[in-house]
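Working notes for the structure below.
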Amino acid sequence: MEELHDVRLSVNGHTHEIRVPARRLLSDALRHDLRLTGTHVGCEHGVCGACTILVDGAPTRACLMFAVSAQGSEITTVEGLTRPDGSLGPVQQAFMECHGLQCGFCTPGFLTTITAGLRDNPTPTHDEARDMVAGNLCRCTGYQNIVKAVERAAEIAGEEAAS
Amino acid sequence: MTTKLMGQKVQRVEDQRFLRGNGRYVDDVAVEGGTLHAAVLRSPHAHARILDIDVEAVLDLEGVHAVFTWDDLASCTPQMAEPLPLLIPHPALTHGRTQYALAKDEVNYVGEAIAFVVADDRYIAEDAVGRIRVDYEFLPPVVGIDAARAATSLVHDDVPGNIGARLEQNVGDAPAAIAQAPHRLELDLTVERSACMPMEGRGTVARWDPDLNRLQLWTSTQSSTGVRAAVAVKMGLDLGQVDVITPDVGGGFGVKINHPWPEELLVPMAAKALGRTVKFTEDRREHFISSAHERGQVQHIEVGFDDDGRLLGLDVEFWHDHGAYTPYGLIVPIITSTQLLGPYKPQNYKVVFESLYTNTVIVTPYRGAGRPQGCYAMERTMDAIAAYLGKDRAEVRAVNFIQPDEFPYDQGLIFQDGRELEYDSGDYPAMLEKTKALVGWDEFPAFKAEMAAQGRQVGIGLACYVEGTGVGPYEGAHVHIETSGKVKVATGLTTQGQGHATVFAQLVADELGVKFEDVEVVTGDTRRMPYAVGTFASRAAVMSGSAIHLAAKRAKEKALKIAAEALEADEKDLQIVDGVVSVKGSPGTSIDLGTVSVLSNPLRYAFDEASKAATQFSVGDPGKPPVPEDDEPGLEGKDFYSPERATFASGMHAVIVETDPETAEITILKYAVVHDCGHLINPMIVEGQIHGGVAQGVGGALYERMAYDESGQLLNASFMDFLMPYVTEVPDGIDIDHLETPSPLNPLGIKGAGEAGVIPSAAVFAAAIEDAEGTLHPGMGITAMPISPSELYALRQSHDGKNS
């Protein structure tokens with residue numbers, strides 16, 4: 001029998017207690033134990049970025065981290081990017097307006113990555129907008145509209161900050 | 001009047017759930033506890049006989065529920081132990097072979113399924129797979145087209161020469177025409193393997209309901225109805241006992257049209273045997289070694305032409321690597337051999353291909369499905385003719401174009417659907433003009449000189465294609481106007497990110513006269529529309545779009561008939577705007593569609609205010625039957641669309657690249673696309689499809705290849721080593737222009753758009769690189785794609801060595 005560990009995960013402001021083996025990936029724990037299936041697994045070796053979540057604010061591949069290692073960290077998944085009133089956050093809104101997604105599978109990883117990217121650099125240049133998404137794979141969009149969405153999200157967030 | 005939504009950049013309704021993390025992909029189904037998880041033991045060898053499989057050590061493992069090998073399959077049904085179906089038979093496929101759901105006696109590629117384990121979770125299932133012991137007797141692997149042709153070893157003992165099929169088609173007498181032509185050229189070309197690589201791999205979930213005696217299956221497929229039929233046959237169930245639901249699909253690009261995958265049979269078999277929900281979700285390595293690849297071909301071309309570059313005869317022979325088995329028949333090489341002709345009139349054409357077995361992953365369509373290879377063959381030939389004659393490459397193309405007044409144009413060949421290759425419409429000269437303007441073709445020589453003065457070398461390439469889209473046999477649609485006025489639409493083909501829920505709702509809103517927000521579209525659910533074919537060959541908009549348009553029309557006709565009676569008006573005087581039927585010119589006289597729906601269904605029982613109005617003491621002429629003869633209750637419309645033949649979209653791409661004279665680094669400076677898919681339903685979505693296709697084309701031309709070693713091991717079966725483009729590899733901006741030549745074959749005048757973006761990539765990059773290299777390395781032909789900087793560097797060395 002595999003040894004199980006009690007882990008307390010803090011995700012999108014809620015605390016969850018789970019018992020998992022040491023080898024359980026954080027991506028699997030989020031998806032299967034917490035049923036937060038918005039975080040997607042595309043490669044399980046940290047290249048595609050679909051499973052990117054924010055761990056204490058930093059974009060992190062959930063497939064390269066064990067659930068037990070996440071104890072004590074604040075995790076944000078795509079489900080946590082929606083505003084408290086249920087409307088879309090600025091990055092989500094920009095993706096919708098710019099047609100930044102097609103099949104939607106890689107999208108959660110882009111949304112979390114860009115959310116952190118714009119927090120660190122709220123007014124990216126065009127080249128910086130491209131750099132911001134250069135670590136995530138998308139097979140549908142050819143990235144053209146994703147880059148536009150980064151720029152539009154910065155605009156939306158900027159307008160909101162100004163108002 | 002409501003604005004027509006056809007042609008509008010309508011934002012996608014599906015985005016709301018995707019952006020919130022509420023998409024429902026197959027691995028998101030049945031996440032509740034109690035679901036069992038499967039893992040597959042796959043062959044580590046490319047070619048071997050299986051002497052013994054020992055599963056003893058697996059059964060001791062806590063959390064393991066079952067392990068299956070081929071020996072166990074017959075206990076489900078005899079047919080489960082038979083080979084998988086050969087989906088598309090063809091008379092020329094004389095030696096078709098398919099694998100078993102689990103290998104019987106022999107394995108023919110690294111990745112072939114041998115044993116299937118079901119356990120409490122995937123981790124334990126993989127532990128169990130690791131404990132299975134298999135004794136193999138190694139057989140010599142056949143890897144690559146050269147080895148297959150040499151046939152020193154055979155993939156299948158009973159397939160001589162490794163030749164699965166040989167198919168020849170002739171129009172006129174090409175060899176004779178070439179022999180008499182003033183000018184002749186020969187080309188030898190190769191294209192390597194790549195693969196679709198959707199971000200979501202394959203996955204299947206099955207639940208057997210003993211109370212209903214019924215199977216529910218969720219699978220990440222491009223054909224729900226195909227999987228349903230295959231599963232029913234293999235499991236010995238009636239079709240009516242099997243429901244297949246395709247949830248959100250994380251990309252397909254062709255690979256998910258092949259079915260049934262072994263796991264699509266093994267999962268429901270295990271679910272029924274164990275009485276538990278069973279899930280299989282492949283990992284990325286499994287996707288590389290056990291789904292499907294495409295593109296690998298070797299081509300030999302002979303062409304005869306006149307002083308203007310006009311084709312007089314074209315003789316093409318090619319060898320197509322179809323991998324270890326042929327479940328999808330000859331579709332890919334047939335498409336290459338026919339669509340090769342593009343927008344041109346070859347006068348005399350001969351094409352012959354051999355489809356060859358190798359000990360590698362099977363080959364089934366990948367976006368473009370053989371067209372990229374055909375376009376590459378034709379366009380490299382056009383470039384070679386232009387170079388030989390010292391003519392402008394665009395001019396040589398233009399003299400060979402089918403002219404706008406020549407449509408419908410019959411190429412005299414049989415296409416992939418068994419029908420004549422007859423182009424319905426197009427305007428290639430106009431398209432060429434647009435393309436030249438968009439990329440700056442005429443200004444390019446000045447730019448090239450300017451760059452050369454700075455020590456930089458740039459090149460331009462052009463490639464043209466014609467794509468048969470919207471092949472049959474049919475699609476259907478069901479439109480139901482509910483008593484709330486909401487419109488529920490179902491079509492059977494599946495969705496992998498194309499935005500069907502949006503574009504189909506646009507069509508319904510336009511035809512019915514209802515609000516876009518009131519239309520809800522369901523795809524790929526056999527409970528809602530059991531008759532369907534699938535999503536491939538850029539056919540969804542053409543096929544289901546047309547069917548939905550027709551079904552909406554029927555629902556509208558019925559609504560107008562009922563409303564006319566209720567309003568005591570003539571049907572011809574009625575209009576429907578925003579879901580309200582009114583008499584034109586007297587808006588006060590109106591009835592909303594929800595009420596019409598109530599009236600369409602005479603009731604005995606009332607359960608709310610709306611249904612009260614439809615009960616037998618409230619409505620109807622006592623002198624007539626409540627439901628008129630030849631009619632049905634309910635405000636619904638159902639129809640099917642089945643065209644005589646495919647509709648032919650077309651396009652031209654042009655690219656400007658820079659190659660570093662020292663390092664051979666290849667940089668894209670400009671990428672231009674002119675595309676004609678007839679009337680656009682939603683330009684935003686069409687352009688998104690083009691963007692994605694171009695990016696995949698960049699990958700296929702410059703980065704992606706399947707690196708098999710001589711023993712048949714795939715050395716780059718991960719995203720670390722198989723180089724798919726990130727944003728850093730794709731052009732920063734793609735210039736797009738449209739031409740809209742409507743198709744006469746369907747009511748909307750539309751043509752398919754899904755695959756187009758990827759078709760000319762190998763051709764256009766080869767042309768541009770060759771052009772860029774021409775100054776320093778004159779006469780150096782680019783004949784093998786993809787091409788990396790190191791390969792370009794090596795090519796320079798060998799070319800300059802030979803010519804020094």
Among B:219, B:246, which is the only one that is closer than 30 Å to residue A:52 by Cβ, away from every other protein chain (no Cβ under 14 Å) and of a type in the set (Val, Ile, Thr)? B:219
Suppose we filter B:55, B:40, B:64 for residues that are within 14 Å of another protein chain (Cβ to nearest Cβ), β-branched (Val, Ile, Thr) and touching a residue at least 24 places away in the same chain (Cβ under 8 Å); which single one remains? B:64
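Quick check on residue B:504: is it farther than 30 Å from residue B:376 by Cβ, of a type in the set (A, V, I, L, M, F, W, C), at pLDDT 95 or above and surrounded by fewer than 24 Cβ atoms within 10 Å (Cβ to Cβ)?
no
Could we say that residue B:701 is in contact with a His (Cβ under 7 Å, 6 or more places away or on another chain), within 14 Å of chain A (Cβ to nearest Cβ), surrounded by 21 or more Cβ atoms within 10 Å (Cβ to Cβ) and of a type in the set (A, V, I, L, M, F, W, C) here? Even if it seems obvious, please write down each step before you answer.
On the way: in contact with a His (Cβ under 7 Å, 6 or more places away or on another chain): no; within 14 Å of chain A (Cβ to nearest Cβ): yes; surrounded by 21 or more Cβ atoms within 10 Å (Cβ to Cβ): yes; of a type in the set (A, V, I, L, M, F, W, C): yes.
Taking the combined requirement at face value, the residue does not satisfy it.
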For the range A:20-33, indicate whether the set of residues that are charged (D, E, K, R), more than 7 Å from chain B (Cβ to nearest Cβ) and in a strand (DSSP E or B) is non-empty. no
Confirm whether residue B:7 is crowded, with 20+ Cβ neighbours inside 10 Å, outside the structural domain of residue B:682 (by TED's automatic domain parsing), in a loop (DSSP other than H, G, I, E, B) and not acidic (Asp, Glu). no
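Can you list the strands (runs of 3 or more DSSP E) lying wholly within the range B:513-610 that have 2 or more residues being free of Cβ contacts under 8 Å to residues at least 24 places away in the same chain and polar (S, T, N, Q)?
Details: elements: B:519-523, B:574-577, B:580-583, B:586-592.
Ranges flagged: B:586-592.
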How many residues, within the range B:433-476, are farther than 23 Å from residue B:383 by Cα, surrounded by 16 or more Cβ atoms within 10 Å (Cβ to Cβ), at pLDDT 95 or above and polar (S, T, N, Q)? 0
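Report yes if some residue within the range B:719-728 is more than 14 Å from chain A (Cβ to nearest Cβ) and either free of Cβ contacts under 8 Å to residues at least 60 places away in the same chain or part of a strand (DSSP E or B) (or both); otherwise report no. Spell out the reasoning first.
Taking the range B:719-728 as the starting set, the residues that turn out to be more than 14 Å from chain A (Cβ to nearest Cβ) are none.
Scanning the range B:719-728, I find no residue that is more than 14 Å from chain A (Cβ to nearest Cβ) and either free of Cβ contacts under 8 Å to residues at least 60 places away in the same chain or part of a strand (DSSP E or B) (or both), so the answer is no.
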Just give me the residues in the range A:140-163 being touching a Pro at 6+ places or on another chain (Cβ under 6 Å) and either within 14 Å of chain B (Cβ to nearest Cβ) or part of a loop (DSSP other than H, G, I, E, B) (or both), in sequence order. A:153, A:156
Of the conditions (1) out of contact with any strand residue (DSSP E or B) (no Cβ under 7 Å at 6 or more places or on another chain); (2) closer than 19 Å to residue B:538 by Cβ, residue B:391 satisfies every one except a single condition; which number is it? (2)
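Looking at the range B:272-390, what strands (runs of 3 or more DSSP E) fall wholly within it and have at least 2 residues that are in contact with a Pro (Cβ under 9 Å, 6 or more places away or on another chain)?
Fully inside the range B:272-390 and qualifying: B:297-305, B:311-321, B:349-356.
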Leading residue by the ranking (surrounded by the fewest Cβ atoms within 10 Å (Cβ to Cβ)) among those in the range A:42-65 that are within 12 Å of chain B (Cβ to nearest Cβ) and under 18 Å from residue A:18 (Cβ atoms): A:63
Kindly evaluate residue B:156 against the criterion of being at pLDDT 95 or above, touching a Leu at 6+ places or on another chain (Cβ under 8 Å) and not assigned by TED's automatic domain parsing to the domain that holds residue B:93. no
If we keep only residues of the range B:13-37 that are at the interface with chain A (Cβ under 7 Å from one of its Cβ atoms) and crowded, with 18+ Cβ neighbours inside 10 Å, then the residue nearest to residue B:130 (Cα to Cα) is B:28
When you look at residue B:149, is it away from every other protein chain (no Cβ under 14 Å), among the charged types (D, E, K, R), over 24 Å from the mean Cα position of the chain (by Cα) and in a strand (DSSP E or B), yes or no? no
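When the range B:201-245 is examined, which residues are found to be of a type in the set (Gly, Ala, Ser) and under 21 Å from residue B:291 (Cβ atoms)? Don't jump to the end; show me each part of the working.
Start the filter on the range B:201-245 by keeping residues that are of a type in the set (Gly, Ala, Ser), which leaves B:201, B:203, B:206, B:220, B:223-224, B:226, B:229-230, B:232, B:236, B:240.
Of everything in the range B:201-245, those that are of a type in the set (Gly, Ala, Ser) and under 21 Å from residue B:291 (Cβ atoms) turn out to be B:201, B:203, B:206, B:220, B:223, B:224, B:226, B:229, B:230.
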Some residue of the range B:258-281 being more than 26 Å from residue B:66 (Cα to Cα), crowded, with 23+ Cβ neighbours inside 10 Å and modelled with pLDDT of 95 or more: yes
Looking only at the range B:749-772, filter to residues that are away from chain A (no Cβ under 14 Å) and in contact with a Lys or Arg (Cβ under 7 Å, 6 or more places away or on another chain); which one of those is surrounded by the most Cβ atoms within 10 Å (Cβ to Cβ)? B:763
So which pairs qualify, if the first residue must be in the range B:434-446 and closer than 11 Å to residue B:672 by Cα, the second must be crowded, with 20+ Cβ neighbours inside 10 Å and among the hydroxyl-bearing types (Ser, Thr, Tyr), the Cβ gap must be under 8 Å, and the two must be at least 6 apart or on different chains? B:441/B:435
Expected single match for more than 28 Å from the chain's Cα centre (by Cα) and free of Cβ contacts under 8 Å to residues at least 40 places away in the same chain among B:185, B:212, B:139 is B:212
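With B:374, B:412 as the choices, which residue is within 18 Å of the chain's Cα centre (by Cα) and either surrounded by fewer than 21 Cβ atoms within 10 Å (Cβ to Cβ) or within 21 Å of residue B:693 (Cα to Cα) (or both)? It would help to see each step written out before you state the result.
Working: B:412 fails: within 18 Å of the chain's Cα centre (by Cα).
Result of the check over B:374, B:412: B:374.
Please go through the range B:661-693 and give me each residue that is hydroxyl-bearing (Ser, Thr, Tyr) and not in a strand (DSSP E or B), ordered by number.
First, the residues of the range B:661-693 that are hydroxyl-bearing (Ser, Thr, Tyr): B:663, B:667, B:671.
Within the range B:661-693, B:663 is the sole residue that qualifies.
The values are calculated or read from the model by the stated rules, or taken from the named source; none is laboratory data. This is a predicted model, so every value here is computed, not measured. Neighbour counts are summed over all protein chains in view; Cβ atoms, including those assigned to glycine, are modelled from backbone coordinates with ideal geometry.
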